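Take a look at the structure set out below.
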Amino acid sequence: MDYTPKGVCSQNIHFDIVDHKVRNVSFRGGCNGNLQGISRLIDGMDVDEAISRLDGIRCGFKATSCPDQLAKALKEAAGE
């Protein structure tokens, strides 16, 4: 799935969901090193677990963050 995040530096989030597990997460734009780290840490994680860990994270004074936007994308993909 491709998701266009809102209110953050990254312009696109790509991921797959296979057997309710998060796979192949990649971001275009944003803080490259941090986003690569997040992508690797959640690879293979249960979708619901990833959402619960990432949902609500803020970036500085912004109301959201790239991890929070990934949680929103996962919720959308999972039909939540």
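The values are calculated or read from the model by the stated rules, or taken from the named source; none is laboratory data. Owing to the predicted nature of the structure, the values given are computational and were not obtained by experimental measurement. Cβ coordinates were reconstructed from backbone atoms using ideal geometry, including for glycine residues, and neighbour counts include every protein chain displayed. Surface accessibility is based on the protein's heavy atoms, side chains included, excluding ligands, DNA and RNA. Shrake-Rupley method; radii C 1.70, N 1.55, O 1.52, S 1.80 Å.
A few comments on the model shown:
- Taking every alpha-carbon pair under 8 Å whose residues sit at least 6 apart, the stretch 1-52 reaches a relative contact order of 30 percent.
- Distant-in-sequence amide contacts of Thr64, defined by a placed amide H-H separation under 5 Å and a gap of 5 or more residues or a different chain, comprise Cys59.
- Derived scalar couplings ³J(HN,Hα) [the stretch 45-57; Karplus, 6.51 cos²θ - 1.76 cosθ + 1.60; whole Hz; x for Gly, Pro]: 6, 4, 4, 5, 5, 4, 4, 5, 7, 9, 4, x, 5
- Remark on Asn12: its backbone amide H falls under 5 Å from those of Arg28, a criterion applied only to residues 5 or more positions apart or on other chains, H modelled at 1.01 Å from N.
- Rolled with a 1.4 Å probe across the full set of protein chains, the surface gives Cys9 an accessible area near 80 Å².
- Loop-located chymotrypsin sites (Phe, Trp or Tyr not before Pro) in the chain whose Cβ has at most 16 other Cβ within 10 Å (DSSP): Phe61
- Interchain or long-range residues, amide H under 5 Å from Met45's placed H: Val22
- The chain - convex hull of alpha carbons, volume per residue in Å³: 78 Å³
- Computed from the C-beta positions of Asp19 and Asp55 and an R0 of 25 Å, the FRET efficiency is 0.70 to the nearest 0.05.
- Mean ellipticity per residue at 222 nm, deg cm²/dmol - from DSSP H runs of n ≥ 4 across the chain, formula -39500 (n - 2.57): -12000 deg cm²/dmol
- The trypsin sites (Lys or Arg not before Pro) of the chain that meet both conditions, a loop assignment by DSSP and at most 16 other Cβ atoms within 10 Å of the site Cβ, are Lys6, Arg58, Lys62.
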